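Heads up: the structure comes next, in structure tokens.
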Amino acid sequence: MSTLEIKDLQVSVTTDDGPKEILKGVTLTISSGETHAIMGPNGSGKSTLAYSIAGHPKYQITGGSVTLDGEDILEMSVDERARAGLFLAMQYPVEVPGVSVANFLRTAKTAIDGEAPKLRTWVKDVNGAMERMSLDASFSQRSVNEGFSGGEKKRHEIAQLDLLDPNVAILDETDSGLDIDALKVVSDGVNRFRERENKAVLLITHYTRILRYIQPDHVHVFVDGRVAESGGPALAEELEANGYEKYVLAPR
Amino acid sequence: MTVTEASRESVAAVLEQDRVESHLNPPPSYDLTDHPVPTGREEVWRFTPIKRLRGILDGESSADALTWQTEVPEGITISTITAEEARDLGELPPNERPAALAVANAGGATLVDVPAEFASDEPLVLRLSGDSVDDLVWGHLVFRVGNHAEVTIVLVHTGSARYCTTTSYVVGDGAQVRILSLQDWEDDAVHLGRDSIRVGRDANVRHAAVTFGGDLVRMHTNVEYDGPGGEAELLGLYFADEGQHIEHRLFADHNAPKTKSNVVYKGALQGEGAHTVWIGNVLIRKVAEGIETYEENRNLVLTDGCQADSVPNLEIETGEIEGAGHASATARFDDEQLFYLRSRGVSEKEAQRLVVHGFFNDLIRKIDIPSVEEQLLATVEAELAKNVLKEI
């Protein structure tokens, strides 16, 4: 069992005009077996939440706490967080020229497990993960994210989710820029992950479209750096019908 | 109006001349008085720490030599010729003092003759090694590659010496030539080298300069064309450690139409006083219509205390070309790349190692000489182990 507990998290970024507060006290608890969707308009701080949990150096934590099974992850380095069981599927995965997908995956798997994967089963595992994401076998020989289409980048992120097998997955706008076929492939991948035991998913999205394929247990509306409302799947339906207007037009 | 037209005519007259002076490449000449001892303030010398040349530019005569070990595929011959014979073979004359000194002092040239239509899977390998930096060695080499020959030439420099050399590759029509010059010297070696390549009509030459060792290495690679359709790919990889000066100067002289040049040099620097210099220059002469050229230099600065100078130049005398461009970038590690790798559990050091590995891997693959690929990757790893990975 894993529990990711975010309490009153406050985060700033440095701008030319000094520090700017983005997250203004976020509180959320995500446990194994649960899928939480965070929905909100652009600029509400959804991605900042994802990157702050993963430990991106651009974001300064000014208050609050984040723990994974009681361990303070804000004290951990980026790679320690990943080894503790966190995974962030990025909205804009980064190119690493000259490093093949195969080399990257093996290096990451070795780091996460603390030992090199067994060669025979590993090759099979990688090929299987690629095939399930409708990625060609030759994909492993390409440089990480270099020259990938938008869809390939996202499918590659989910193939990593499959192979690295974290406890808590944060998916940051994994649905953005996908056509309907790619969206189905990606959603199937996420759903297969959810079917494994004790997995927690935090799904960050701007659109309700992906929620037709990945049914969340909890939906949170994120506005202006905090959770404005939480509810069950019905909340997503309401958002689909009425949009975010009710929240963003609220009196200042 | 008259004045303007007159000046236009004089400009046109200059452009029509057979030889246009390139500001970075003094006119070629075998006459030493045309190449005075530099003070260090000259444009072409300003990056080079002249004192560390240990008197090479004085041009003392010397009988010291490097030890040669050769692997020569059948059909290729090696012989000794006079400097005059080397000229007659069509080598590119010296355009700076070290090359002129090398011709004057070497007492003749080594001719490597690759016959027309030669083909072999085996590379020609020349391993040149020196015993001591006290040795002053003058070198003069000419590679003559016959029409339609296909050959891979690997030159490896190890040990130590003060080595000043000029090397010409006279490449016949339609030939396919792969050249690797590896500078893997001991820490105190000084190497001044000029590789000049005359690319035959429709010939294709890929030249790679790879420099890891030496206290001071200053390499020129010059290309000109014997006719239309020639292609030159000039690749470079260098890794400067503490106190090392590594300088690569490129010159692609597009003196024929429909020719191509593509320059890619990548370097990494680590340690106090590591200094790299990359000067790229492309001259597109008036006659060189329809040519295509691109030059690129990228430097990765791994620690504090390093300096990377990178200057791309382009001199254009005709606009009737397919394309011309250049790029230069010098940077530290990209935080976003490291974050991405680390977010997958990879430690910071390991992430850095992967990024540098990838940075050079592309280029090593382009060099495409399988027999040395492994060795180059291993040397890059060994260089990284000195610094980036030492805390693991």
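Hey, how many Å between the Cα centroid of the range A:16-95 and the Cα centroid of the range B:217-270? Cα centres, the range A:16-95 to the range B:217-270: 46 Å. Using only side-chain charges placed at the Cβ, +1 for Lys and Arg and -1 for Asp and Glu, the dipole size of chain A relative to its Cα centre rounds to 360 debye.
Across the range B:261-276, coupling constants 3J(HN,Hα) worked out from phi with the 6.51/-1.76/1.60 Karplus curve, θ = phi - 60°, read 9, 9, 10, 9, 10, 10, x, 10, 10, 8, x, 4, x, 5, 9, 10 Hz, and Gly and Pro carry x. Taking Lys and Arg as +1 and Asp and Glu as -1, the other residues whose beta-carbon sits under 12 Å from that of B:D335 total 0. When the Cα gyration tensor is reduced to axis lengths a ≥ b ≥ c, the ratio a/c is 1.5 or higher for the range A:117-197, and with a/b not above b/c it is classed as oblate. Here's how it looks for B:L141: its modeled amide H is under 5 Å from those of B:T110, B:T166, B:T167, B:S168, which are all 5 or more places away or on a different chain. Calculated FRET efficiency, B:L314 to A:R212, Cβ-Cβ distance, R0 = 60 Å: about 0.65 to the nearest 0.05.
With a 10 Å cut-off between alpha carbons and a GNM built on chain B, which of B:H23, B:H275, B:H326 moves the most? In this elastic network of chain B, the residue with the biggest mean-square fluctuation among B:H23, B:H275, B:H326 is B:H23. Solvent-accessible surface of the range A:3-249, taken per residue with a 1.4 Å probe and all protein chains present: 43 Å². Surface exposure of chain B, expressed per residue as accessible area with a 1.4 Å probe, stands at 40 Å².
Go ahead and collect, in residue order, the members of the range B:52-93 whose backbone nitrogen is under 17 Å from a label point 7 Å along the Cα-Cβ direction of B:V37. Counting backbone N atoms under 17 Å from the label point, the list is B:52-62. Seen against the Cα atoms of chain A and their longest principal axis, helix A:101-113 is set at about 70 degrees. Would you mind checking the tilt of helix A:119-132 against the longest principal axis of the Cα atoms of chain A, expressed as 0 to 90 degrees and rounded to 10? The angle comes out near 50 degrees.
In the range A:92-116, burial by the other protein chains removes 30 Å² or more of accessible area from A:V94, A:V96, A:P97, A:G98, A:V99, A:N103, A:F104, A:T107, compared with the chain on its own (1.4 Å probe, ligands and nucleic acids ignored).
Among A:A37, A:A50, A:A111, the residue with the largest mean-square fluctuation in a Gaussian network model of chain A, with springs joining Cα atoms closer than 10 Å, is A:A111. For the range B:25-59 and the range B:298-315, what is the separation of their C-alpha centers, rounded to whole Å? Answer, in whole Å: 22. For B:G236, the residues whose amide H sits under 5 Å from its own are B:A209, B:V264, B:Y265, B:K266, ignoring neighbours fewer than 5 places away on the same chain, with H placed 1.01 Å from N. Classification of chain B by its C-alpha gyration tensor yields a rounded form. The axis ratio a/c (a ≥ b ≥ c) stays under 1.5.
The accessible area of B:S120, taken with all protein chains in place and a 1.4 Å probe, comes to roughly 40 Å². Between B:S132, B:S181, B:S168, the Gaussian network model of chain B with springs among Cα atoms under 10 angstrom shows the greatest mean-square fluctuation at B:S132.
For the protein assembly as shown, the fraction of 1.4 Å probe accessible surface lying on carbon and sulfur atoms is 46 percent.
Counting only aspartates and glutamates at least 8 places from A:K24 when in the same chain, those with an alpha carbon closer than 14 Å to its own are A:D8, A:D224.
Cross-link partners of B:K366 among lysines, defined as those whose alpha carbon lies under 22 angstrom from its own and excluding same-chain residues fewer than eight positions apart: B:K260, B:K266. Distance from the C-alpha centroid of the range A:131-166 to that of the range B:74-122: 51 Å, rounded to the whole angstrom.
The mean sequence separation of alpha-carbon pairs under 8 Å and at least six residues apart, normalised by the residue count of the range B:3-333, gives a relative contact order of 11 percent. With a 1.4 angstrom probe, the accessible area lost at the B-A interface totals about 2100 Å².
The values are calculated or read from the model by the stated rules, or taken from the named source; none is laboratory data. Please read all numbers here as calculations on a predicted model, not as lab measurements. As a convention, Cβ positions derive from the backbone with ideal geometry for all residues, glycine included, and neighbour counts pool all protein chains shown. When the accessible area is computed, the model is the full protein with side chains, heavy atoms only, and any ligands, DNA or RNA have been set aside. Shrake-Rupley method; radii C 1.70, N 1.55, O 1.52, S 1.80 Å.
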